[in-house]
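The values are calculated or read from the model by the stated rules, or taken from the named source; none is laboratory data. This structure is a prediction, so every number in the text was calculated from the model and none was measured. Here the Cβ positions follow ideal geometry from the backbone for every residue, glycine too, while neighbour counts run over all protein chains shown.
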Protein chains: 2
Amino acid sequence: MHEVAELAGVSRMTVSRALNHPEKVKEKVRLRVFEAVSQLGYVHNHLARSLSSNRSNVIGLVLPSLENSIFSQTVKAISDVLRPAGFHLMLAEATDDAKVEEAVIAAFISQRVAGLVLHGTQHSPASIRMLKGANIPVVENGDIPTEPIDMVASYSNRAASRAMTLHLARLGYKKIAFASLANNPRAAERQIGFLEALEEAGHKPDPRRMVAVSRGFVGGTEAIAHIEQSAPDTDAVFCAGDVIAVGALLECNRRGWDVPGRLAIASYDDLELMRHVNPPITALRLPRHEIGRRSAEMLLARIVDRELPARSADLGFEILQRGST
Amino acid sequence: MHEVAELAGVSRMTVSRALNHPEKVKEKVRLRVFEAVSQLGYVHNHLARSLSSNRSNVIGLVLPSLENSIFSQTVKAISDVLRPAGFHLMLAEATDDAKVEEAVIAAFISQRVAGLVLHGTQHSPASIRMLKGANIPVVENGDIPTEPIDMVASYSNRAASRAMTLHLARLGYKKIAFASLANNPRAAERQIGFLEALEEAGHKPDPRRMVAVSRGFVGGTEAIAHIEQSAPDTDAVFCAGDVIAVGALLECNRRGWDVPGRLAIASYDDLELMRHVNPPITALRLPRHEIGRRSAEMLLARIVDRELPARSADLGFEILQRGST
DNA sequence: TGATTTTGTGATACCGGTATCTTTTTGAGT
DNA sequence: ACTCAAAAAGATACCGGTATCACAAAATCA
């Protein structure tokens with residue numbers, strides 16, 4: 001920068017101004033500076049800028065899992081909002097483990113990120129203390145928590161699960177099973193919603209129809225095997241996670257079970273795949289993209305425009321009725 | 001940091017040393033410093049550290065698309081190698097557009113990333129100039145380029161495509177079609193490999209059997225429709241991209257075509273899904289995870305250990321013969 | 001025209017650390 | 001006990017920018 005200043009015959013300060021607040025510098029001088037910049041191939045050092053001005057242009061994103069394709073829509077949406085605003089995205093994985101999450105959050109704060117998006121709403125007291133102490137805007141995704149740290153953009157797992165279960169009941173299914181991942185805070189909320197709906201529909205919950213399965217397609221296979229063994233009179237299964245529903249459908253196809261005749265299948269999440277299998281699977285359309293967009297917008301509103309956007313946005317969901325139910 | 005130094009009764013320099021090179025500080029003093037750190041809840045400012053020491057702990061990753069689940073394995077592997085080494089990951093999307101890529105690279109350099117991973121091997125002269133000028137280690141993924149910028153960790157699209165095509169020929173298929181995405185530099189390499197293999201196997205290439213399709217499952221539907229219309233005697237189709245093969249298989253199922261009796265299907269990439277459809281799809285196992293791991297390791301070798309790792313790692317591939325061929 | 005703003009530019013200090021060199025302390029060897 | 005090398009701690013400058021205030025030049029007003 002020193003060299004640019006010399007070549008343009010001005011002070012470093014003027015160079016800085018020409019680059020950051022061009023309107024504050026006379027046109028003639030400004031053009032000399034730009035000329036010098038391009039002639040020397042000068043690249044601004046954002047690190048120094050951030051340190052000096054105590055404000056950075058990096059947003060941190062913490063995901064429970066990087067391998068899960070579910071999040072790619074959200075990531076893409078965040079990125080699409082940030083880029084035109086000149087912000088960048090830093091990514092970290094925090095599994096559902098408190099210690100790891102604390103380390104990740106500490107690392108992000110240490111990098112002085114301008115804001116943070118957390119996918120997940122269960123945080124250790126230490127994490128919460130750090131986040132509040134850091135005094136940066138935070139958006140939580142993944143569920144609507146009762147006590148948000150700062151801001152929230154999500155749908156309610158409980159409400160979505162409840163709605164789909166009621167939908168199945170309304171279609172006339174009487175013996176609905178629930179398959180979900182074990183040890184997953186979001187799955188727990190979904191189970192609550194499921195049970196609420198059963199009660200509301202006047203069904204009696206039956207523990208034989210609550211199945212905990214592994215991640216991935218194989219989870220669906222497990223669910224069907226469990227149902228056949230423990231509760232063969234089940235007439236519908238609500239697969240609350242990822243690709244479990246597809247795994248279940250494929251397993252039914254293999255066994256020659258008619259879907260939805262022998263067993264109806266509903267999915268929690270509407271991956272593109274759901275529309276393409278036979279029969280297509282009834283699913284919840286969750287606002288994955290919208291969550292990312294709103295999260296980024298809320299952060300930018302606070303950081304750039306210093307506004308105070310609504311603390312919480314419930315982005316809802318939609319039931320897509322298809323051939324599998 | 002000043003406060004920590006005061007509380008511990010030492011100079012700032014000693015605090016810095018206690019945190020970065022604990023072995024250089026006497027145990028007694030070190031403990032006093034750590035005590036002060038935790039008492040004050042001090043978080044190290046990595047920005048200042050990077051600026052002062054002129055070395056950062058952030059790695060940049062440029063992907064052609066964030067929505068594509070294919071990359072999630074690579075991202076996860078990179079992240080898994082970086083975290084224990086104390087490095088972080090910054091993510092950007094650069095579509096296959098030169099201008100966007102230049103902007104992204106400039107932004108990363110401006111953030112003084114310690115190293116860069118580029119998924120993609122076609123770069124504009126301006127990008128290459130910037131990268132060489134920045135003097136940071138760069139790893140290219142996605143293909144084996146003839147003139148790498150710095151380092152490479154990948155498999156060869158051409159070799160993989162050629163190998164699968166030869167595999168189909170060896171299985172006795174005589175009229176093999178090729179379906180791939182249009183306007184994709186990697187797809188172009190794959191097509192070259194396909195044509196090489198046809199020649200090697202003594203087959204005559206037939207333009208009616210070269211199909212350009214859309215992204216996603218629907219691409220498979222398109223491929224089958226095209227084959228039926230333009231070259232109904234085709235006995236095998238090699239789907240060179242993403243989930244096209246699954247789309248094709250599902251379409252065959254819908255039409256009641258026997259797979260592989262009426263038409264054999266082979267896929268370029270082995271997603272988990274390939275093993276679970278019926279019949280399971282023959283696919284290339286590409287080293288997605290290994291690419292990420294090696295990329296990160298190569299960068300760290302250069303950054304941390306100041307070694308000069310091999311410039312290029314061809315990580316190969318594997319043919320998984322399954323029921324669809 | 002002189003007084004008063006307004007606008008443009010420069011001087012200086014500082015953001016929060018680390019590199020480097022200097023000084024002090026420690027401890028081994030005789 | 002004394003010398004001297006090695007280890008530990010401190011002083012100072014600087015990384016590459018920006019905030020802030022001072023000051024000069026230009027524009028506005030009476």
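Points to keep in mind about this one:
- Failed criterion for residue A:292 (all others in (1) in a strand (DSSP E or B); (2) farther than 21 Å from residue A:173 by Cα; (3) among the small types (Gly, Ala, Ser) hold): (1)
- When the stretch A:8-25 is limited to residues that are over 18 Å from residue A:40 (Cα atoms) and loosely packed, with under 11 Cβ neighbours inside 10 Å, the one that is nearest to DNA strand C (Cβ to nearest atom) turns out to be A:24.
- Cross-chain or 6+ apart pairs with Cβ under 7 Å, the stretch A:236-265 first and touching a residue at least 60 places away in the same chain (Cβ under 8 Å), then of a type in the set (Phe, Trp, Tyr): A:236/A:173; A:238/A:178; A:238/A:194; A:239/A:268; A:240/A:178; A:240/A:268; A:241/A:268; A:264/A:173
- Condition check for residue A:306: without any contact (Cβ under 8 Å) to a residue 60 or more places away in the chain and part of a helix (DSSP H, G or I): no
- Restricting attention to the stretch B:94-119 and to residues that are closer than 21 Å to residue B:145 by Cα and surrounded by fewer than 20 Cβ atoms within 10 Å (Cβ to Cβ), the residue that is nearest to the other protein chains (Cβ to nearest Cβ) turns out to be B:100.
- Pair list, Cβ under 7 Å, 6 or more apart: the stretch A:23-52 residue under 21 Å from residue B:130 (Cβ atoms) and among the basic types (Lys, Arg), other residue within 8 Å of DNA strand D (Cβ to nearest atom) and at pLDDT 90 or above: none
- Just one of (1) in contact with a helix residue (DSSP H, G or I) (Cβ under 9 Å, 6 or more places away or on another chain); (2) more than 30 Å from residue B:96 (Cβ to Cβ) fails for residue B:54. It is (1).
- Residue A:94 vs. criteria more than 19 Å from residue A:291 (Cβ to Cβ) and touching a residue at least 24 places away in the same chain (Cβ under 8 Å): no
- Selection status of residue B:79, away from DNA strand C (no atom under 13 Å from the Cβ), hydroxyl-bearing (Ser, Thr, Tyr) and modelled with pLDDT of 95 or more: yes
- Residue check for residue B:136: touching a residue at least 60 places away in the same chain (Cβ under 8 Å), in contact with a Gly (Cβ under 7 Å, 6 or more places away or on another chain) and closer than 20 Å to residue B:307 by Cβ: no
- Test: residue in the stretch A:36-43 that is at the interface with chain B (Cβ under 10 Å from one of its Cβ atoms), more than 30 Å from residue A:140 (Cα to Cα), surrounded by fewer than 14 Cβ atoms within 10 Å (Cβ to Cβ) and away from DNA strand C (no atom under 16 Å from the Cβ): yes
- Condition met for residue B:66 (in the same structural domain as residue B:121 (by TED's automatic domain parsing) and aliphatic (A, V, I, L, M)): yes
- Any chance residue B:12 is under 28 Å from residue B:111 (Cα atoms), basic (Lys, Arg) and within 39 Å of the chain's Cα centre (by Cα): no
- Meets criteria (among the aromatic types (Phe, Trp, Tyr), crowded, with 22+ Cβ neighbours inside 10 Å and under 22 Å from the mean Cα position of the chain (by Cα)) for residue A:217: yes
- Selection within the stretch B:205-217 - at pLDDT 95 or above and of a type outside the set (Gly, Ala, Ser): B:205, B:206, B:207, B:208, B:209, B:210, B:211, B:213
- Scanning the stretch A:120-145 for residues that are over 16 Å from residue A:89 (Cβ atoms) and more than 14 Å from every other protein chain (Cβ to nearest Cβ) yields A:120, A:121, A:122, A:123, A:124, A:140, A:142, A:143, A:144, A:145.
- Pick from the stretch A:246-286, criterion acidic (Asp, Glu) and at the interface with another protein chain (Cβ under 10 Å from one of its Cβ atoms), ranking: farthest from residue A:317 (Cα to Cα): A:251
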